[in-house]
Amino acid sequence: MRVLVLGTVILLVLAGCTKERPTSSDDPSPRVSGSPMSGTVTGRVLDSGRPVAEVSVRPEPLFTPAPAIPELLVVTDAEGRYVWSLPAGRYRMTARLGERSAQPVDVTVVAGETVTADLLF
């Protein structure tokens, strides 16, 4: 019986987490993914000038409070390219492929603009 009650409580908590919070024009929380307060980071991951596919690219916010970023990472395509919509702010872009890490690059994302950050192994 306790397992059933515990399972029900967990399901109710999880169901409450998926509801979207209503927003208003005086809501100061940042918007993401194509919103007026986001910009785009694009770039390529290269190794000795050649594109590297299937690389995990991640942003590390360099400001507080750190914004909510919907995706944990993006993966480069066959040409080593990635594109990411992020809330405006400063980030350190990192790339990993297995145990290898590219040299991190710091970028400033400006709302409505695109910034390029190429990452090199």
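Tabulated data for the structure shown
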| read-out | value |
| --- | --- |
| Computed label-point distance, nm, for sites S56 and T116 using a 7 Å Cα→Cβ extension | 2.8 |
| Translational D in µm²/s for the range 32-120 (Stokes-Einstein at 20 °C, 1.002 mPa s, Kirkwood Rh from C-alpha pairs) | 166 |
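The numbers here are math on the coordinates, done by the rules we state, and not lab data. Bear in mind that the values here come from a model prediction, so they are computed numbers and not experimental data. Neighbour counts are summed over all protein chains in view; Cβ atoms, including those assigned to glycine, are modelled from backbone coordinates with ideal geometry.
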